[in-house]
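Worksheet: one structure, shown below.
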Amino acid sequence: MAEPGANNTETNEASGYSWYVLGVLVVVYILNFIDRQIISILAVDIKRDLGLTDSDMGFLGGAAFAVFYALFGIPLGRLADNWNRVRLLSIGLALWSTMTALSGFARNQVTLTFARMGVGIGEATASPTAYSLISDYFPKRQRATAIAIYSSGLYIGGGISLFIGAKIVEAWNAAYPGGGPMDLVGWQAAFLAVGVPGLLVALWVATLREPVRGAMDGVASPSSPRPFADFFADLSTIVPPFTLLGAWRRGPSALMVNLLVAAALALFAWVMIGLTGNLPQWSAVALGYYAVFSWACVLREKDPPTFRLIWGTPAFICTTLGYGMVSLAAYALAFWSAPYAEQVLGLPKSELAFVLGANGAVSGFLGVILGGKLADTLRARNPAGRVLVILFGVIAPVVPIWVGYSTDNVPLFYVMNFLAGMFGAAALGAAAATTQDLVLPRMRGTATASFFLGTTLVGLCFGPYMVGQISDLTGTMVDGKLVGDLRTGILSLIGVAPIAVALLIYAYRAVPQAEATLLERSGEQAA
């Protein structure tokens with residue numbers, strides 16, 4: 001039997017097996033977001049049992065996961081470019097499923113934080129491998145649609161997580177009012193219940209076929225003969241103090257710059273910790289941004305073509321950061337909408353989980369699929385057409401967010417939340433496909449990891465936390481306990497829209513030229 005990619009090279013069409021693989025990847029992404037987002041519906045219970053604030057919960061729902069997801073996405077993205085992607089994905093799925101299950105044994109913020117870090121590391125394998133596989137199973141003209149279909153798992157998984165989490169908590173607490181086996185309460189049982197099935201799906205993923213790399217584009221893309229040596233070398237570039245050793249090897253000036261950046265970020269973290277009192281959040285932020293800087297410096301030295309097409313391309317950077325602002329609002333709403341409905345609107349967990357879960361799944365699915373199709377249609381007419389869809393994802397949700405989170409009318413809240421989710425979701429496929437088109441096939445895993453730096457270190461790292469911190473700052477003391485103002489916290493998300501619009505207008509102007517000069521700028525014309 002011919003290799004799957006070889007057949008696709010001749011026909012330049014997605015085969016039936018291509019769509020089967022895409023279906024499996026969607027299931028994986030659904031599990032990815034169930035495990036990631038289930039903490040949202042459990043937030044009120046965790047906050048009560050562990051004695052946490054809204055900003056503490058924002059950290060657990062954001063930076064505790066996001067920093068390690070983003071940082072390990074860098075070396076794992078490179079490993080996806082150089083090793084068997086199917087094997088990497090199955091190993092990653094087994095890891096994050098195990099860490100989700102272990103979250104059920106957390107007894108305090110510290111242990112839950114470490115478990116969330118582990119989930120982030122495991123899930124860092126998912127999108128670099130999936131995006132790279134999709135790009136080798138689908139031709140360019142169908143790529144945004146395929147990525148959009150894959151991305152629908154984000155919204156389906158997020159919606160399902162609310163429903164499953166609420167049902168498990170209610171059933172467990174009803175059966176064991178004082179705590180069940182091993183003294184586990186409802187939210188702990190929920191983590192266990194959603195983590196274990198992922199181990200079985202990991203075995204299913206391992207049966208997929210690995211396609212020929214670069215086949216759909218007709219560009220030979222040989223892998224590294226030393227994938228794991230390269231992986232550990234990349235890993236050492238993001239883990240202090242090895243980052244200092246790497247900088248020293250590049251010369252005294254490189255070491256001095258590295259130390260200055262580390263000192264500047266440490267000072268920034270110290271100031272922010274003093275202002276907010278949140279040590280974990282700002283320590284994680286400083287670590288994350290320092291590690292990314294160190295890695296980018298190494299990439300510039302070791303792989304100049306990849307550096308030029310990612311970090312040296314303003315179109316790529318502005319597209320990533322512009323969509324990062326979209327994801328900031330999307331992640332914040334995904335995390336806080338359920339606690340908001342429970343605390344501010346007084347809705348029972350079972351009702352809001354069912355309605356918001358279905359709401360998020362349907363709105364996200366419709367938005368990402370329709371947005372992907374529209375992005376491909378506009379791309380056929382205009383090289384920068386996809387950026388218009390990203391701009392829509394920034395501007396369109398503003399009014400629904402304002403109306404939905406200002407009203408006490410429950411049906412209106414649900415409708416506006418649906419529209420905000422659908423409009424924001426439209427941007428994902430367009431943004432991801434744009435960044436894939438701005439690099440060569442051998443760089444796609446690294447480009448995906450870089451793209452997700454924006455969605456995580458900008459969006460997920462700050463979205464949930466920003467809402468929680470503003471909620472705490474504008475809240476009031478009741479019976480000696482701080483009660484946050486989630487309404488003000490969520491409405492503050494509207495403030496990021498002008499920044500995103502400015503970034504994406506620049507990207508719209510720069511993308512056509514950047515894509516037209518790929519080979520020239522990479523210096524790999526003769527490859």
Checklist entry - By what distance, in whole Å, do the Cα atoms of region 310-351 stretch along each of the three principal axes, largest value first? => result 50, 15, 10
Checklist entry - In the chain, how many lysine pairs have Cα atoms under 17 Å apart, counting only pairs 8 or more places apart or on different chains? => result 4
Item to check | Separation in nanometres of the label points that stand 7 Å from Cα toward Cβ, at Leu200 and Tyr17 | outcome: 2.7
Checklist entry - Mind checking the angle between helix 385-395 and the chain's longest principal axis? C-alpha axes, 0 to 90 degrees, to the nearest 10. => result 20
Checklist outcome for this item: Taking Cα atoms, the helix 410-437 axis meets the longest principal axis of the chain at an angle in degrees (rounded to 10) of 20
Checklist entry - When the Cα centres of region 187-202 and region 359-383 are compared, how far apart do they sit, in Å? => result 31
Checklist entry - To two decimal places, what compactness ratio does region 116-193 give when its Cα radius of gyration is scaled by 2.2 N^0.38 Å? => result 1.57
Checklist outcome for this item: tail above 18 Å in the computed P(r) of region 265-413, as % of all Cα-Cα pairs, reads 73
Checklist entry - Given region 370-527 reduced to its alpha-carbon atoms as identical point scatterers, what log10 I(q)/I(0) does the Debye formula return at q = 0.14, 0.17 Å⁻¹? => result -0.81, -1.06
Checklist entry - Taking the Cα atoms only, what angle lies between the long axis of helix 186-195 and the longest principal axis of the chain, rounded to 10 degrees? => result 20
Item to check | In nm, spacing of pseudo-spin labels at Phe105 and Val27 (7 Å Cα→C-beta vector) | outcome: 2.8
Item to check | Rg/Rh ratio calculated on Cα atoms of region 237-302 (Kirkwood radius) | outcome: 1.04
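For the chain, what is the convex hull volume of the alpha-carbon atoms per residue, in Å³?
Normalising the Cα hull of the chain by residue number yields 141 Å³.
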Item to check | Value of relative contact order over the chain, rounded to a whole percent, pairs C-alpha under 8 Å and six or more apart | outcome: 24
Checklist entry - With contacts defined as alpha carbon pairs under 8 Å and 6 or more residues apart, what's the relative contact order of region 57-193 in percent? => result 29
Checklist entry - Going 7 Å from the Cα of Ala358 toward and past its Cβ, which residues in region 136-171 have a backbone nitrogen under 11 Å from where you end up? => result none
Checklist outcome for this item: Length-normalised contact order of region 354-458, Cα under 8 Å, at least 6 apart, in percent, tallies to 35
Item to check | Helix-derived mean residue ellipticity, 222 nm - over the chain, DSSP H n ≥ 4, -39500 (n - 2.57), to 500 | outcome: -26000 deg cm²/dmol
Item to check | Peptide ranges 504-515, 382-393, 146-157, 426-437 listed from the most packed, as the mean C-beta count within 10 angstrom indicates | outcome: 426-437, 146-157, 382-393, 504-515
Item to check | By average C-beta atoms within 10 angstrom, highest first, the peptides 170-180, 82-92, 184-194, 299-309 | outcome: 184-194, 82-92, 299-309, 170-180
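Read the figures in this text as sums done on the coordinates, not as results from a lab. Quick caveat: nothing in here was measured; it's all calculated off a predicted structure. All Cβ positions, glycine included, derive from the backbone under ideal geometry; neighbour counts span all protein chains shown.
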